[in-house]
Structure formats: C-alpha cells, structure tokens
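See below for the structure under consideration.
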Amino acid sequence: MRPPQPEAVLFDWDNTLVDAWPGIAHALNTALTRFGHPAWTLDEVRARVRKSLRDTFPSLFGRGWEEAREVFYEALEATHLTQLTPLPGAGETLAQARALGLPLAVVSNKTGRFLRREAEALGWSGAFAILVGAGDAEADKPDPAPFRLALGALGQSAGSSVWYVGDTALDMLAARNAGLTGILFGDAAHDGGPSASLHDWHAPDHASLQSLLATRVAA
C-alpha cells in the first residue's frame, strides 16, 4: 500500500525539516522566568509546544501575554538563526520533490517572519512557493485557513493528492481538517507515538519519506 500520488506537498517546519528547538526553548524560558514561571526542560518544550503563540500565550501568561510575547520575540530574534539545524536528509527530500516537479509549501505554527528568515538562512526559500507561518492567515493550525492560503499560492485544490507532512497529532488533525493526506513524520515519541495521531501514512525519517515520494516516478 502506498499513499495517493502527490501533486503537491506541504511541510510543517520544526521537527519535520529542521531542529530549531534550542532557540525556541531559550526564548520561551526567557519569557517564563521573566514572569515568575519555572523554566521548561528541552524535552518539555518539545512535548508541550504545539499551537501558535497567539493560541497559547493568553492561557499561559494571562493578561500579561502580550508583554510576554514581546519578551519571547526579542529572545528568539537574538538566537534562532544560530540554533537552527536541518534534519538529516531534509535537503535531499526537498531536492527530490523539486526534481519530480512537485510544487512545495510550508505551513507552520512558527511566527511567519521567523519562519521565512530561517528558510532564507538555510538557502531554502526558493524551494517553496510560499511559507505560511502563524499570523499569516486569519487562524493558525489546526484551522484550515493557513492551508487555504498555501493551496492558493500553489494553484491547487484540497484533496488526497496534496500531502501534508508533519510530526505531531495536531499536524495530522490539521491535514484532516484541510482535506489533505496526512503523512506523520518521525517517531512522534514527543507526542504519544504514531498511534496517538490520525495520520494516513507514516514516514519514520527522511529516507522513508523519499521512498514514498519515489512512487511518483512510477506513475
């Protein structure tokens, strides 16, 4: 069994194409400690950060959430590009998808301006028709709004021939909400394992994802 032949591929960003967790953890802990909260370990950050800032900070920081947001942004601005690493095989996956003629986009809950700076720093901006981050659409994942924005830029309609590759159960819920094929990436150990998500297919690593993409060659 193989997933439907892809006509376009959308990717999550953090923990799907890149490891940017150290920078995220630093910025979040700067805000947490500034507001009298205990810092989170890196594992806690990986396990607890899912939704966008605008969907999480109000409950985390209460009425001071907007000030906490600015503290977070300032800390992230200072460090996120120096603590950014492509995941093994990610560049090869993008190269393969482009060689197959697949239009590509990113839909992430990372704030849009930071997302696009990271793609530029890695030399990947040209791989994508659009990089949609938190705040770019009227709502963030798992709402379909950012996917509509990405699909419009790709000239595609929602359907099973559009893949969304992400590493969390929230990503797979977002894919389902948007009417796309959800490809769970990685072992999802930080998110309850593969059984905790409503994915259509599972790619444990980029080599596995490349194998799934290669089915388009035989089409």
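Every read-out reported here was derived from the displayed coordinates using simple, explicitly stated rules and does not represent laboratory data. Keep in mind that what you see is a predicted model, and the values were worked out from it rather than measured. Every residue, glycine among them, receives a Cβ derived from its backbone with ideal geometry; neighbour counts consider all protein chains shown.
Results, tabulated for the structure shown:
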quantity: Odd one out for THR168, checked against (1) over 21 Å from HIS199 (Cα atoms); (2) within 14 Å of the chain's Cα centre (by Cα); calculated: (1)
quantity: Filter result for GLY101 (in contact (Cβ under 8 Å) with a residue 40 or more places away in the chain, at positive phi and surrounded by fewer than 16 Cβ atoms within 10 Å (Cβ to Cβ)); calculated: no
quantity: One residue from VAL107, VAL71 being within 21 Å of SER161 (Cβ to Cβ) and touching a Lys or Arg at 6+ places or on another chain (Cβ under 9 Å); calculated: VAL107
quantity: Helices (runs of 4 or more DSSP H) within the range 1-89 that include 2 or more residues touching a residue at least 60 places away in the same chain (Cβ under 8 Å) and within 20 Å of the chain's Cα centre (by Cα); calculated: 21-34, 42-48, 53-61
quantity: Single unsatisfied condition, ALA97 versus (1) of a type outside the set (Asp, Glu); (2) in a helix (DSSP H, G or I); (3) farther than 30 Å from ARG216 by Cβ; calculated: (3)
quantity: Residues within the range 57-95 that are closer than 22 Å to ALA188 by Cβ, β-branched (Val, Ile, Thr) and surrounded by 16 or more Cβ atoms within 10 Å (Cβ to Cβ), tallied; calculated: 1
